[in-house]
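Note sheet for the following structure.
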Amino acid sequence: MPGILEWATPMLGMGIDESCGLPLEVVARGSGIVMRLIPAGVLDIPVPPDDDSDAGYTGGVRRLHVAKPFYLGKFEVTFGEWRVVHPGFTITHFYGADEVPTQPRHAMSCVSWWDVQYYLIATGLRLPTAIEWEFACRAGTTTDTYGPLEDVAWFAEDWQTSGGSLPLVGLKRPNAFGLHDMLGGVAEWCADVATPDATGARWYDATWEYEPGTMSPPGNVPLRLFWGGSYTSQEWECAASYVRSTLPHARDPTIGFRVARNP
């Protein structure tokens, strides 16, 4: 299909999605990012009767609707992939040595939402929306995880037993869409501003109190969403519906990102 070949090369032997005629796996030119096709679709998530966080959703379900297929990174963007685009980027000095990615296959972290925008401009890619992220993470499932957590996510238990080592991407089993580390590794920035209806799903309080003497800028700064668990997360945090928000200039060793692209 001509449109896809303008920015990516199909992976040989990975096949074509018969419903839309697009390659199931491609490599983005320039960045070298491997990406998986996420089909269009609708997924209804059951809402527990006593779950107040989903109040207002009728019929006992909330709906994730992805109108068109898109591509999403097979892995979180790695330190090696980041360095290709931004070789001179220096990770903020106040992180400990064991919190900073140093190996090519470490998930890139310690980058703010604004830092990520420079990477996206340079590569022609984008962040997924919140609904795209959750739809892709679930891959047709409606439970908190898409498999036994110890098989699909690098989380606090792995981090502790490994002696505090940062995870390499792709060590755990992928979901049905072929995506690795959606529930663990690092949490992932999304495109959305934090508003009560930003996810069309579960909502967490996104208020932020500015205190004198803090590093927070003055004024009303829109918060940005990040999804999923990380290598320091407890089991209950490694869930497809687990979303939080923070300031767009915040850099955290447990937050990274995964890229998306329209065909």
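Quick one: would you say GLY184 is part of a loop (DSSP other than H, G, I, E, B) and either among the acidic types (Asp, Glu) or under 15 Å from the mean Cα position of the chain (by Cα) (or both)?
yes
Looking at ASP158, ASP192, ASP151 in this structure, which one is at pLDDT below 95 and surrounded by fewer than 21 Cβ atoms within 10 Å (Cβ to Cβ)?
Only one candidate qualifies: ASP158.
For region 105-124, give me each residue that is in a helix (DSSP H, G or I), in contact (Cβ under 8 Å) with a residue 12 or more places away in the chain and not hydroxyl-bearing (Ser, Thr, Tyr).
TRP113, TRP114, ASP115, VAL116, LEU120, ALA122
Looking only at region 167-178, filter to residues that are surrounded by 22 or more Cβ atoms within 10 Å (Cβ to Cβ) and in contact (Cβ under 8 Å) with a residue 40 or more places away in the chain; which one of those is farthest from GLY140 (Cα to Cα)?
PRO167
Before we move on, is ALA130 of a type in the set (Gly, Ala, Ser), over 23 Å from VAL26 (Cβ atoms) and surrounded by 13 or more Cβ atoms within 10 Å (Cβ to Cβ)?
Against the criterion (of a type in the set (Gly, Ala, Ser), over 23 Å from VAL26 (Cβ atoms) and surrounded by 13 or more Cβ atoms within 10 Å (Cβ to Cβ)), ALA130 qualifies.
Given the residues GLY185, GLY229, GLY200, which is the only one that is surrounded by 15 or more Cβ atoms within 10 Å (Cβ to Cβ), at pLDDT 90 or above and on the phi > 0 side of the Ramachandran plot?
After applying the criteria, what remains is GLY185.
Out of LEU64, LEU72, which single residue is at pLDDT 95 or above and surrounded by 15 or more Cβ atoms within 10 Å (Cβ to Cβ)?
So the residue among LEU64, LEU72 that is at pLDDT 95 or above and surrounded by 15 or more Cβ atoms within 10 Å (Cβ to Cβ) is LEU72.
Could you please let me know if GLY80 is over 24 Å from GLY15 (Cα atoms) and at pLDDT 90 or above?
Criteria met by GLY80.
Do we find that SER53 is of a type outside the set (Val, Ile, Thr) and at pLDDT 90 or above in this structure?
Criteria not met by SER53.
With the checklist (1) under 22 Å from SER241 (Cβ atoms); (2) surrounded by 22 or more Cβ atoms within 10 Å (Cβ to Cβ); (3) touching a Ser or Thr at 6+ places or on another chain (Cβ under 8 Å) in hand, flag the one item CYS137 doesn't pass.
Checking CYS137 against (1) under 22 Å from SER241 (Cβ atoms); (2) surrounded by 22 or more Cβ atoms within 10 Å (Cβ to Cβ); (3) touching a Ser or Thr at 6+ places or on another chain (Cβ under 8 Å), the one that fails is (3).
The values are calculated or read from the model by the stated rules, or taken from the named source; none is laboratory data. Fair warning: this is a prediction, and the values are worked out from it, not measured in the lab. In this analysis, Cβ positions are derived from the backbone assuming ideal geometry, glycine residues included, and neighbour counts consider all displayed protein chains.
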